[in-house]
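The values are calculated or read from the model by the stated rules, or taken from the named source; none is laboratory data. Values in this document were obtained by computation on a predicted structure and should not be read as measured data. Cβ placement follows ideal geometry from the backbone for every residue including glycine, while neighbour counts extend to all protein chains displayed. Accessible surface areas use protein heavy atoms only, side chains included; no ligands, DNA or RNA. Shrake-Rupley method; radii C 1.70, N 1.55, O 1.52, S 1.80 Å.
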Amino acid sequence: MIDSICRRLSGKRILIAGFGREGKSTLRFLQQYMPEATVGIADKNETAFQDIDKERYNLYFGDEYLKASSDYDVVIKTPGISVKDIDIDFSKITSQTDLFLEAFHNQVIGITGTKGKSTTSTLIYHLIKESGNDAILAGNIGIPILDCVNDINERINRLERQVKRLDQRLTRLETPYSNSTKFNNEPDNNMYMM
């Protein structure tokens, strides 16, 4: 599955847009799996590059740091980087999430919305773990997604089985607790199981 990410990026000039936690994770992934790739790194703040080999990578910073995107085939953008005011070919833009989902989509439960994502994700993670299955909790909740690719194994079940098993457990549950909680379904809170 890691191979599918590498095939997508193979032979392409790659720009990492944003060099915080997720940008650094992307660089580690590229260093490990694609050490010969042509990589540039763009961040508004020059201080983000303190520990970077300035001979190995093209670095872009300052107010115009994303203009370099036109020189690259793929731009791996971190969530905090806005490209709405920049003249850029949007077909070049991807993210860790996009790359990960292309490779591991059959093994993912995705949670999105405006409220309760971390709580819901953590609850589902613990339910899966307590049922004797392997699970990884990653993304905006703490661990960048590409930092987890080595931890994914055959025992992490396909989504359909996990959701079905989870649904069966929840519907059979005779609550032995004195307190229970029902999630409010707010109009601005959309949860998708991918």
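Numbers at a glance
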quantity: Segment 8-147 - Rg and Dmax from Cα coordinates, angstrom; calculated: 16.5, 50
quantity: Full-stretch length increase - K84, K54 - with 0.36 nm per residue and alpha-carbon distance subtracted; calculated: 7.9 nm
quantity: Cross-link table K24/K67; K12/K84; K12/K129; K54/K92; K54/K117; K92/K129, entries beyond 29 Å C-alpha to C-alpha; calculated: K12/K129; K54/K117; K92/K129
quantity: Of all accessible heavy-atom area on segment 25-77, the percent that carbon and sulfur account for (1.4 Å); calculated: 41
quantity: Largest to smallest accessible area among T38, T26, T114 [probe 1.4 Å]; calculated: T114, T38, T26
quantity: Under 14 Å, Cβ to Cβ, from Y60 - net charge with Lys/Arg +1 and Asp/Glu -1; calculated: 0
